[in-house]
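Visitor: Structure incoming, see below.
The values are calculated or read from the model by the stated rules, or taken from the named source; none is laboratory data. For clarity, every value in this text was computed on a predicted model and none was experimentally measured. Here Cβ is always computed from backbone atoms with ideal geometry, including for glycine, and neighbour counts include all displayed protein chains. Heads up: the accessible areas ignore ligands, DNA and RNA and are worked out on the full protein's heavy atoms, side chains in. Shrake-Rupley method; radii C 1.70, N 1.55, O 1.52, S 1.80 Å.
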Amino acid sequence: MPKDEYDPEDPLEWVGVEVPVESDENLHEMALTFAEEFLRGGFSEDELLAMFKNPFYVGPHLVWRKKNEAYVRAVIEEAKGMWMPMRTMSGGEEE
Amino acid sequence: MNQQVYNWQIGRKMSYPHAEAHPEWQFAFCFNLNRCIGCQTCTMACKSTWTFSKGQEQMWWNNVETKPYGGYPQFWDVKVLQLLEEANPGAQKWARKGEEFTFEGKTIFEAAEKRVGLEPERVLGYLPTDEEWRFPNIYEDTAVSRKGKPMTFDPEGTKLPEHKTRFFYLARICNHCTYPGCLAACPRNAIYKRHEDGIVLIDQERCRGYRKCVAACPYKKVMYRPTTHISEKCIACYPRIEGNDPATKGMPIQTRCMTACIGQIRLQGLVRINKDGSWAEDRYNPLYYLIRVAKVALPLYPQFGTEPNGYYIPPRWVPRGYLRQMFGPGLDEALEKYRVPDRELLAVLQLYQRTKEIIVRYEIKEGKKVYETVIHGKPFTLYNDTIVGYNKEGKEIVRTQVEEPFYVRPDKHQNSI
Ligand code: SF4
Ligand code: SF4
C-alpha cells in the first residue's frame with residue numbers, strides 16, 4: 001500500500017470516500033436485507049418506510065436519498081412478496 | 001522452539017510457540033452482521049461493567065466499528081494485513097482441494113519466524129500509537145472538522161462530505177483464540193487459557209506491562225493501563241460463564257455485551273472440545289450447528305492463524321472480495337445459505353437473544369405449514385416450527401416459534417416497564 005494512502009492527520013480520513021466497488025446492485029441488496037430482516041422481525045410496511053425516511057438510520061436513509069420513495073416502496077414490496085405471501089392467505093394448513 | 005499445531009480454520013498444521021493443550025469447553029459466539037444497527041449498547045454494557053476506572057479511559061473491550069472506514073484502534077486490520085503482505089508478498093492465498101480449503105500463506109506466527117535481523121519476535125504485530133487508541137469511531141460515519149483542523153467541530157459540519165456508500169457495522173470483542181497471539185508473545189507466561197471454558201486471561205500479578213501481547217494480538221484486543229503499568233483484556237465476563245450470577249442459580253449466563261444487544265445479533269455459548277482440540281460432535285448445540293453444520297458463520301480473518309472463537313454471519317450486501325479477505329473462502333457458501341435459509345436454520349436463528357442463559361442444546365418440534373413462496377428465486381416453504389433451548393442441566397430455558405406472535409404495547413403504557 002502506498003505510504004500516502006491514508007493520513008492520520010486528516011480529519012476527513014476515509015470520509016466521503018467512494019469505494020470503487022460501489023454499485024446499484026450492492027445498494028439494492030443492502031436495502032433488501034434491511035427490508036427482509038425487519039419484516040421477518042415483525043415490522044409493518046409503514047414502520048419500514050418510516051425507517052428508510054429517518055435520517056438517524058444512516059444505512060436505510062442513504063438508500064432513500066440516493067434513490068426515492070418509489071424505489072424504497074418497490075424494495076419493500078419485493079421483500080413482502082418473498083416473506084409475507086400469507087398476507088393473502090388465511091391461517092395455516094396441516095402438514 | 002516452535003511446535004506444530006493443527007488449526008482447522010486454515011485446514012493445516014502451523015507453527016506455534018507452545019504445544020497443543022486444549023480446554024474441555026470453549027467459549028464461542030456467533031454474531032449476525034446483517035442485523036447490527038451500530039447502537040453501541042453492547043459497548044456501553046461492557047464499559048460500565050469492567051472498564052470505567054482511572055487509566056481505562058481508552059479501553060473498549062467491546063467495540064463496534066463501521067467497515068471499511070473505521071477501526072479501533074484505527075486501521076488495525078489494514079495494518080496487520082499489510083505486515084503479512086510485506087512478509088510474504090503476493091502469496092497470502094487460499095487453495096481449494098475438493099470441498100476443503102487450505103491457507104497456503106503465512107500466519108502471524110509463521111511470518112515472525114522469517115524476520116531475521118530484527119529483535120526476535122514470536123508473533124508478527126505492531127504496537128498501535130496512543131492516537132490510534134484514543135478515538136474509537138472517529139469520523140467513521142460523518143465528518144465533523146475540516147482538513148488541517150483535526151479534533152475540532154466545524155459549525156458547518158452538515159455540509160462536509162459524507163460517505164457515498166455504507167458497508168456494515170463490525171462488532172468485536174476478544175476472540176478467546178485457540179492459539180492466542182497474546183499468550184504466545186508473553187515473555188513471562190502471564191497469559192493463560194482456562195481449562196474449563198477456554199477463556200484467555202492475563203494474570204494481573206505476573207504481568208509486568210511489556211506490552212508484547214498488545215503488539216501480538218492481531219485483533220488488538222489487549223490494552224495497556226498506564227495507571228497500573230500492566231495490560232488488561234476482555235475477561236468474557238467469566239463470573240457469568242461460571243454461573244455465579246444469582247439470577248440463574250449456578251447455570252452459565254451469556255456475557256454483558258451479548259445480553260444487552262438491541263439488534264439481537266448475538267448468540268454466545270460453550271462448545272465441547274475433544275482432547276486433540278477438534279470440536280466434539282454436538283449436533284444440537286446451536287453454535288456447533290451454525291458453524292460446523294450449516295456453515296453460515298465464519299471466523300474473522302482466519303488467515304491470521306490464531307483460530308479465533310468469534311464467528312460471524314457476513315452481511316449480504318457487501319462486495320464479495322472485501323468479505324472473502326475478512327472471513328475466508330467459506331464466504332459464498334455461507335451467504336447463499338443465509339439468503340435462503342432452510343427449515344432448521346430459520347428455527348435456530350430464532351434463538352438469538354431469547355434468553356440470557358447459555359443454550360447448550362436445542363430441539364425442534366415440527367409445526368404447521370404456513371405458506372409456500374419463492375425466496376430469491378428458490379422455492380421455499382415456511383413451517384411454524386417450535387424451537388426449544390436447554391441449559392447445561394438439560395432444563396428448558398426458552399421456547400419460541402418461527403412465526404413469533406407480535407404484540408404492540410398500547411400508547412398509554414409507552415414508558416412503563
Ligand atoms: S483476540 Fe487477541 S487478546 Fe483475545 S485471545 Fe486472541 S490474541 Fe489474545
Ligand atoms: S448492541 Fe447489538 S445491535 Fe447494538 S451495536 Fe452492539 S452488536 Fe450491534
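Visitor: Divide, for the stretch B:152-304, the radius of gyration over alpha carbons by 2.2 N^0.38 Å, where N is the residue count.
Guide: 1.28
Visitor: For the stretch B:221-265, with equal point scatterers placed on the C-alpha atoms only and solvent neglected, what are the log10 I(q)/I(0) values from the Debye formula at q = 0.15, 0.18, 0.24, 0.26 1/Å, to two decimals?
Guide: Summing over Cα pairs of the stretch B:221-265 leads to -0.54, -0.68, -0.83, -0.87.
Visitor: Please give the average number of partner chain Cβ atoms lying within 10 Å of the Cβ of each residue in B:334-340, rounded to a whole number. Don't skip to the answer; put the middle values down first.
Guide: Working: counts 0, 0, 0, 0, 1, 4, 1.
Across B:334-340, the average partner-chain Cβ count within 10 Å equals 1.
Visitor: Could I ask something else about it? Please list, short to long, the whole-number percent of alpha-carbon pairs of the stretch A:45-90 in consecutive 10 angstrom bins beginning at zero.
Guide: 28, 48, 19, 5
Visitor: Then there's this: How much solvent-accessible surface does B:Asp130 expose, in Å² to the nearest 10, with a 1.4 Å probe and all protein chains in place?
Guide: B:Asp130 has an accessible surface of roughly 100 Å² with all protein chains in place.
Visitor: Let me ask another. How big is D for the stretch B:275-355, in µm² s⁻¹ as a whole number, if Stokes-Einstein is applied with the Kirkwood radius of its Cα pairs at 20 °C and 1.002 mPa s?
Guide: 158
Visitor: Run the simple label-point estimate for B:Val340 and B:Asn274 please: 7 Å along Cα→C-beta, distance reported in nm.
Guide: Each label point lies 7 Å from its Cα, and together they span 3.4 nm.
Visitor: Also: Could you size up the charge dipole of the stretch B:279-417 around its Cα centre, putting +1 on the beta carbon of Lys and Arg and -1 on that of Asp and Glu, and report it in debye to the nearest 20? The partial results should precede the final answer.
Guide: Values: 21 positive and 18 negative charges, 49 e Å.
Computed charge dipole of the stretch B:279-417: roughly 240 debye.
Visitor: At a threshold of 8 angstrom on Cα-Cα distance, excluding pairs fewer than six apart, so keeping six or more, what relative contact order does chain B reach in percent?
Guide: Rounded, it is 19 percent for chain B.
Visitor: Additional query: In peptide B:311-324, what is the residue-averaged number of other protein chain Cβ atoms found within 10 Å of each Cβ?
Guide: On the way: counts 0, 0, 0, 0, 3, 7, 11, 6, 7, 2, 1, 2, 0, 0.
Going residue by residue through B:311-324 and averaging, the value is 3.
Visitor: Along each of its three principal axes, how wide is the spread of alpha-carbon positions in the stretch B:1-68, in whole angstrom units, largest first?
Guide: 41, 35, 28
Visitor: With +1 assigned to the C-beta of every Lys and Arg and -1 to the C-beta of every Asp and Glu, and no other charges, what is the dipole magnitude of the stretch B:201-273 about the Cα centre in debye, to the nearest 20?
Guide: 280
Visitor: Check which residues have an amide H placed less than 5 Å from B:Ile397's amide H, if you skip close sequence neighbours.
Guide: It is B:Gly389, B:Tyr390, B:Asn391, by chain and number.
Visitor: If you don't mind, another one. Distance cut-off 31 Å, Cα to Cα: go down the list B:Lys114/B:Lys220; B:Lys114/B:Lys295; B:Lys54/B:Lys149 and report the pairs above it.
Guide: With Cα atoms farther than 31 Å apart: B:Lys114/B:Lys295.
Visitor: Keeping every protein chain in place, order B:Val144, B:Val408 by accessible area at 1.4 Å, biggest value first, i.e. largest first.
Guide: In descending accessible area the options line up as B:Val408, B:Val144.
Visitor: Expressed as a whole percent, how much of the Cα-Cα distance distribution for chain B exceeds 30 Å? Before the final figure, lay out the partial values.
Guide: Details: 38251 of 86736 pairs.
I get 44 percent for the Cα pairs in chain B exceeding 30 Å.
Visitor: Ignoring any ligand, DNA or RNA, what whole percent of the accessible area of the stretch A:45-90 comes from carbon and sulfur when the probe is 1.4 angstrom?
Guide: 56
Visitor: List the relative contact order of the stretch B:66-196 as a percent without decimals, with contacts defined as Cα pairs under 8 Å and 6+ residues apart.
Guide: Once normalised by length, the contact order is 27 percent.
Visitor: Can you show me the helix-derived [θ] at 222 nm for the protein assembly as shown, built from DSSP H runs with n ≥ 4 at -39,500 (n - 2.57) apiece and divided by the number of residues, rounded to the nearest 500.
Guide: Mean residue ellipticity, 222 nm, calculated: -6500 deg cm²/dmol.
Visitor: Dipole size in debye (nearest 20) for the stretch A:45-90 around its Cα centre, Lys and Arg Cβ +1, Asp and Glu Cβ -1?
Guide: Values: 7 positive and 6 negative charges, 38 e Å.
So the magnitude is around 180 debye.
Visitor: A further question follows. Once each part is reduced to its C-alpha centroid, what is the distance from the stretch B:235-304 to the stretch B:333-401 in angstrom?
Guide: Centre-to-centre (Cα) distance: 17 Å.
Visitor: Now a separate question. Taking a probe of 1.4 Å, how large is the accessible area per residue of the stretch A:45-90, in Å²?
Guide: Using a 1.4 Å probe on heavy atoms only, each residue of the stretch A:45-90 averages 56 Å².
Visitor: Another question, if that's okay. List, by residue number, every residue in the stretch B:152-201 with a reduction of 30 Å² or greater in accessible area between the chain on its own and the complete protein assembly, 1.4 Å probe.
Guide: Residues losing area: B:Pro161, B:Glu162, B:His163, B:Lys164, B:Thr165, B:Arg166.
Visitor: Which far-off residues, 5 or more places away or on another chain, put their amide H under 5 Å from the one on B:Phe168, with H placed in the peptide plane?
Guide: Those lying under 5 Å, H to H, from B:Phe168 are B:Lys67.
Visitor: Taking a cut-off of 22 Å, what percent of all Cα-Cα pairs in the stretch B:57-160 are separated by more than that?
Guide: 52
Visitor: Under the Karplus relation 6.51 cos²θ - 1.76 cosθ + 1.60, θ = phi - 60°, what is the ordered set of whole-Hz ³J(HN,Hα) values for the stretch B:315-322, x standing for Gly and Pro?
Guide: x, 5, 8, 7, x, 4, x, 4
Visitor: Can you work out D for the protein assembly as shown in µm² s⁻¹ from Stokes-Einstein, where Rh is the Kirkwood radius over C-alpha pairs, the temperature is 25 °C and the viscosity is 0.890 mPa s?
Guide: Values: Rh = 24.3 Å.
Estimated via Stokes-Einstein, D reaches 101 µm²/s.
Visitor: Using a probe radius of 1.4 Å on protein heavy atoms only, what is the accessible area buried between chains A and B, both sides summed, to the nearest 100 Å²?
Guide: Chains A and B together bury approximately 4300 Å².
Visitor: In addition: In whole Hz and in residue order, list the ³J(HN,Hα) couplings for the stretch B:128-139 that follow from phi through the Karplus curve 6.51 cos²θ - 1.76 cosθ + 1.60, θ = phi - 60°; x for Gly and Pro.
Guide: x, 7, 4, 4, 5, 7, 6, 10, x, 6, 5, 6
Visitor: Let me ask something else. Amide H of B:Gly243: which non-local residues (sequence gap of 5 or more, or other chain) have their own amide H closer than 5 Å, using H built in the peptide plane?
Guide: Under 5 Å from the amide H of B:Gly243 lie the amide H atoms of B:Ile253, each far enough along the sequence or on another chain.
Visitor: Short version: ³J(HN,Hα) in whole Hz for each residue of the stretch B:234-241, in order, from phi by Karplus 6.51 cos²θ - 1.76 cosθ + 1.60 (θ = phi - 60°), x for Gly and Pro, what are they?
Guide: Listing the rounded values in order: 3, 10, 6, 6, 4, x, 6, 5 Hz.
Visitor: How many Cβ atoms of partner chains, on average, are near each residue of A:56-64 if near means within 10 Å of its Cβ?
Guide: Details: counts 0, 2, 8, 9, 2, 1, 5, 1, 0.
Mean number of neighbouring Cβ atoms from other chains: 3.
Visitor: I would also like to ask the following. Between A:Ala74 and B:Lys369, what FRET efficiency follows from the Cβ-Cβ distance if R0 is 41 Å, with the result rounded to 0.05?
Guide: Numbers: r = 29 Å, r/R0 = 0.70.
It comes to 0.90.
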